[in-house]
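The values are calculated or read from the model by the stated rules, or taken from the named source; none is laboratory data. The structure displayed is predicted, hence computed values, not measured ones. Here the Cβ is made from the backbone with ideal geometry for all residues, glycine too, and neighbour counts use every protein chain on show. Remember, those area values only see protein heavy atoms, side chains included, never the ligands or the DNA or RNA. Shrake-Rupley method; radii C 1.70, N 1.55, O 1.52, S 1.80 Å.
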Amino acid sequence: MQTATMRAPMLQPTMATSDTRTSVGHLLQRAYTLPCSTAAQAFTQLVPPTSRFQLALDALLPVLETRVELEQRILVSYILFSLYTPHPISINPFKSALYATFVKERDAAVRMAASGGVSETEQLVWVLWKILKGDGNDLGPYSPNTLARSALPPKLRPSNLTLDEENIVLDPTEINHVPTSADSTHAAKPSASQPAQEPKVTAQEDDQNEKVSRAMSLILAGRSRTLTLSEQRVLSPPVVTSVDLPPLIAHNPTLAHPLMVALISLCPPQGSAMYLDVLRRLPPSLPSFDLLGRLLRDTTPMTDMITGGRTTVADVVRSEVLGGFVHESIEWVGNREAEEKDGLINDDRVAKSVQNLCRFYNSLIKLNILDTGSEADSAEMMHFSLRYSRYEDANALYRILAAGHF
């Protein structure tokens, strides 16, 4: 049986960049709810063809062989299989690794079952069995999360799963069965008279999966670089999570604006609150100020989270985000100043942050977004500008705020 390591010289892979490795790591951590085929497509779009084999060796195989989250191991198994479709599994260079994991986990599950327990990797054993039998494509429409949580009927428990060379044949209706949550009800009495219904993926669904995987790969790429205009047009808000937003804003603030508007205005209240909290915790950087400035002038209508009435993105960001963002920015500057005094940093980030925060605040005053006469609006920033009045922009802002109170 040919090993993955033996095939490596034949493919002559190039080293994947650190950004690519990071993006693949993010993919493995958050693609559990996507169909396996969609996640696999995202992997192939993230990684250049000449780098896929080596990256699979370096990043995917260790996950397959390590006891991490079950969903992650299932996803990795499918990706390793999908890299060489539509070729037979017999010539897949990762077959030996998949087989070794199958045997190891199956035997462990059988031993646990003999002592009255149930192995948490039973679903992984079944997935590997399907792949090694050549039926891996059956798994494509299902997400790793679904596969990991589906109950298995008795005939598909690890003790009954063997490969062709072991000459044990199961009931045909069970062999092609894809487990679902409904199996937990019927597991005690499997019925051979009811053949399993294989899901049919329509051309429209396949096209949608392709778009989702493409958008997902671009979101991951956008966390480490500036996307081109053509790439930005592909993106869709539903594939963006709150975890993606801070790095995406840092590298693509102009793209982040329409995405944030869509996320804030289209999501249900609890979802909107999650994204608004991301805005409050952004660092006081130029991309953050640029995004907040755009949102504070955006008149896109939306539903008020409290009253249920109509309001705008600008009003919601003004009332729900701005105060928290200013407070967090002040805390950020204070923490960096303490690190500077301790000798942990030796650059000008404190001075730059003070300058940019004061200029941002001053621009909001000029746009009448903030009222210098309002104690609630200006008290914290007035104290901040006085504290850092050794900087010209902070001194100028303090004079403006002080004038508004007298």
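Among the residues of the stretch 278-293, those identified as open to solvent by 20 Å² or more (accessible area, probe 1.4 Å) and touching a residue at least 40 places away in the same chain (Cβ under 8 Å) are Arg280, Arg281, Pro283, Ser285, Leu286. Here Ala108, Ala114, Ala100, Ala42 are screened, and the one residue that is of a type in the set (A, V, I, L, M, F, W, C) and under 18 Å from Asn145 (Cβ atoms) is Ala42. Considering the stretch 350-373, and only residues there that are more than 15 Å from Leu322 (Cβ to Cβ) and polar (S, T, N, Q), the residue that is least open to solvent (accessible area, probe 1.4 Å) turns out to be Ser353. Tallying residues that are under 10 Å from Leu401 (Cβ atoms) and either among the polar types (S, T, N, Q) or touching a strand residue (DSSP E or B) at 6+ places or on another chain (Cβ under 7 Å) (or both) within the stretch 366-384 yields 2. Would you be able to say whether some residue in the stretch 323-343 is surrounded by 14 or more Cβ atoms within 10 Å (Cβ to Cβ), within 24 Å of Val261 (Cβ to Cβ) and touching a residue at least 60 places away in the same chain (Cβ under 8 Å)? So far as the stretch 323-343 goes, no, none of its residues is surrounded by 14 or more Cβ atoms within 10 Å (Cβ to Cβ), within 24 Å of Val261 (Cβ to Cβ) and touching a residue at least 60 places away in the same chain (Cβ under 8 Å).
On the given criteria, is Ser23 open to solvent by 50 Å² or more (accessible area, probe 1.4 Å), among the small types (Gly, Ala, Ser) and either touching a helix residue (DSSP H, G or I) at 6+ places or on another chain (Cβ under 7 Å) or modelled with pLDDT under 80 (or both)?
Numbers: open to solvent by 50 Å² or more (accessible area, probe 1.4 Å): no; among the small types (Gly, Ala, Ser): yes; either touching a helix residue (DSSP H, G or I) at 6+ places or on another chain (Cβ under 7 Å) or modelled with pLDDT under 80 (or both): yes.
Judged against the criteria, Ser23 is not a match.
Summed over the stretch 300-323, the residues that are among the polar types (S, T, N, Q) and at pLDDT 85 or above give a count of 4. For the stretch 291-398, the helices (runs of 4 or more DSSP H) that sit wholly inside it and include 1 or more residues that are more than 19 Å from Leu279 (Cβ to Cβ) and basic (Lys, Arg) are 322-341, 349-366, 375-387.
Every test in (1) within 19 Å of Arg73 (Cβ to Cβ); (2) surrounded by fewer than 19 Cβ atoms within 10 Å (Cβ to Cβ) is passed by Ala40 save one, and that test is (2).
Can you find a residue that is open to solvent by 30 Å² or more (accessible area, probe 1.4 Å) and at pLDDT 70 or above anywhere in the stretch 206-226? Yes, the conditions are met somewhere in the stretch 206-226.
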